[in-house]
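**Student:** Have a look at the structure that comes next, please.
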C-alpha cells in the first residue's frame, strides 16, 4: 500500500466501512487522517483486531520522528500520496424540532385564528353553522 486510495479500498473490502480523508493541521501537519463516515444511522469505529493488522501492514510509514497513529476512530499516516476516493455520503436524519410547522401571520394573529376556529368547532357540534368573514 503506497497511497491513501489503496488503504481506503482495503478498509472498504475487509470491513465494509467507507472512509473520509482530511489533511492534518497544527502538530499533525503532513499527516493524512482517515475516519469512518456516517453510515447506517451512526458513526462506526474500526474493529480493534483490524486496526492492529493494518498497523502491521503500514509499518513502512512508521517513522521515528513522525510515527503512525492507528486507533478505532481514525488512522493517521505521515507523508503518503493523496489520491483519495470520495464515497457517497448519507444524510443524517433531522429531528422533528428542526422541521418547523408552517404558521400564518404573527404569533398573536395565529392565536386569534386558533381561538376562532375552536369556537366555530363548538358551534358546529351544537348544530349551528360556522361564521367566516
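**Student:** Quick one: what pairs do we get from region 14-40, first residue touching a residue at least 24 places away in the same chain (Cβ under 8 Å) and on the phi > 0 side of the Ramachandran plot, second in a loop (DSSP other than H, G, I, E, B) and loosely packed, with under 15 Cβ neighbours inside 10 Å, C-beta under 7 Å, 6+ apart or different chains?
**Tutor:** 30/79
**Student:** On to the next question. So which residues in region 45-67 are without any contact (Cβ under 8 Å) to a residue 24 or more places away in the chain, farther than 18 Å from residue 3 by Cβ and part of a loop (DSSP other than H, G, I, E, B)?
**Tutor:** Within region 45-67, the first condition is being without any contact (Cβ under 8 Å) to a residue 24 or more places away in the chain, and the residues that meet it are 49, 52-53, 55-56, 59-65, 67.
Imposing the further condition that a residue be farther than 18 Å from residue 3 by Cβ reduces the set to 49, 52-53, 56, 64-65, 67.
Hits for region 45-67 are 64, 65, 67.
**Student:** Among the candidates 115, 66, 107, which residue alone is farther than 28 Å from residue 16 by Cβ, out of contact with any helix residue (DSSP H, G or I) (no Cβ under 8 Å at 6 or more places or on another chain), modelled with pLDDT of 85 or more and loosely packed, with under 11 Cβ neighbours inside 10 Å? Please lay out each step first, then the result.
**Tutor:** On the way: 66 fails: loosely packed, with under 11 Cβ neighbours inside 10 Å; 107 fails: modelled with pLDDT of 85 or more.
Of 115, 66, 107, the one residue that is farther than 28 Å from residue 16 by Cβ, out of contact with any helix residue (DSSP H, G or I) (no Cβ under 8 Å at 6 or more places or on another chain), modelled with pLDDT of 85 or more and loosely packed, with under 11 Cβ neighbours inside 10 Å is 115.
The values are calculated or read from the model by the stated rules, or taken from the named source; none is laboratory data. On a predicted model such as this, the values are computed, not experimentally measured, just so you know. A quick note on method: Cβ atoms are made from the backbone with ideal geometry, for glycine too, and the neighbour counts reach across all protein chains shown.
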